[in-house]
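Participant: Take this structure, written in structure tokens, and hold onto it; I'll ask about it next.
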Amino acid sequence: MNTATRVGAFGAGLVVAFGAALGAGRLVGPLDTVAAPAPHTEMSTDGHPADPGGHASEGDQHTDTHQDPGGGTSATPAGLSSTDQGYRLVPGATTLAASKAARVTFQVLGPDGRPVTGFTTAHEKKLHLVVVRRDLSGFQHVHPTMAADGTWSVSLDLGRPGQWRMFADFDPDGDTEGLVLGTDLAVPGDYSPVALPAPARTTTADRYAVQLTGSLDPATAQRLDLAVSDDSGRPVDLEPYLGADGHLVVLREGDLAYAHAHPVHATTVGDSASGATVGFRVEPPGPGRYRAFLDFKVAGTVHTAAFTLDAAGGTP
Ligand SMILES: [Cu+2]
């Protein structure tokens, strides 16, 4: 990513402008999902251990976003295309048998048509993969491993038939901005869409309760704060996860426009005072109903909380 982007975005706190930003989404914090236990193999495409543990200094400082001073959102939202800026996301197979441990492979082809092998680490990973069924159920955020030839692979929970969307969120080496490319995977079988839960301000993730404050506005970046407490109502101490106190991926119902936000404030690794609340700035590409997935880490385990939000003034 270029320096300007890095600095600018960081300084201002991340505004994820879905649309305007090309790589609006580009850093996803990894989560290994709710449903998919895929151990996230830290890949080391360059021969180094992916993350020795300290990513605070640099990994956190970039943001994935681009500021969009004009507030415009005329650009195509991230994740809707399998190609952008000459890059192309190519899955190894587009139809997979239903399996809770489906092996999924893909390559990112560069402008020269060859598999890309050089990626800039963002939030401790060279590539973040978000996978969700088109009905917005089954959210998974994992970190595939790349082979020397540029083929990425990962185990996903595709145990339920349906049409799945995978988003590769990455920043190729060079001047290109971060990209989010998307493509569908079909899992044949008896498909029963799951209705999106109604908008709500509280939800649970495993034994934790998560409370949302703020709302989405289709025209401007708005702050969303999420507070996590345990089953006895006590606030918990959020731990840094992939260089941030939390990672938020927001997807629009209907077209799955994608945005990824990181916390408004910088995270200090090992900062026990980071607290139980994490704030994000999110700017949806337009009106609609969205599903927001928050990945957070408590006591060494990553959890995912999901909320349905309307961007149109109709907040719960
Ligand atoms: Cu990730």
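Participant: Where Lys and Arg each count +1 and Asp and Glu each count -1, what net charge lies around Leu96 among other residues with Cβ under 14 Å from its Cβ? Write out the running numbers ahead of the final one.
Facilitator: Working: positive: Lys100, Arg103, Arg133, Arg160, Arg165; negative: Asp157, Asp184.
Net local charge, Leu96 excluded: +3.
Participant: Okay, moving on. What part of the accessible area of region 202-311, given as a whole %, is carbon or sulfur when the probe is 1.4 angstrom?
Facilitator: Values: 1740 of 3710 Å².
Carbon with sulfur: 47 percent of the solvent-accessible area.
Participant: Next question, about the same structure. Taking 7 Å along the Cα-to-C-beta vector as the label spot, tell me the Tyr191-Thr83 distance in nanometres, rounded to one decimal.
Facilitator: For the pair Tyr191/Thr83, the computed spacing is 2.5 nm.
Participant: Right, next: First check a/c for region 202-311, with a ≥ b ≥ c the square roots of the eigenvalues of its C-alpha gyration tensor; if it is under 1.5, answer rounded, and if not, answer prolate when a/b is larger than b/c or oblate otherwise. All intermediate terms of the calculation are to be shown ahead of the outcome.
Facilitator: On the way: a/c = 2.05, a/b = 1.61, b/c = 1.28.
Cα axes put region 202-311 in the prolate bin.
Participant: Which one of Tyr290, Phe280, Thr213 is farthest out on the positive end of the charge dipole of region 202-311, using unit charges on Cβ (Lys, Arg +1; Asp, Glu -1) and the Cα centre as origin?
Facilitator: About the Cα centre, the residue reaching furthest to the positive side is Tyr290.
Participant: In nm, what is the difference between 0.36 nm times the number of residues separating Ala93 and Ser229 and their Cα-Cα distance?
Facilitator: Numbers: separation 136, 0.36 × 136 = 48.96 nm, distance 4.10 nm.
Net length gain for the segment: 44.9 nm.
The values are calculated or read from the model by the stated rules, or taken from the named source; none is laboratory data. Quantities reported herein were computed from a predicted structural model and do not represent experimental measurements. Positions of Cβ are generated from backbone atoms using ideal geometry, with glycine treated the same way; all protein chains shown enter the neighbour counts. Each accessible area value is taken on the protein alone, full model and side chains, heavy atoms only, with ligands, DNA and RNA left out. Shrake-Rupley method; radii C 1.70, N 1.55, O 1.52, S 1.80 Å.
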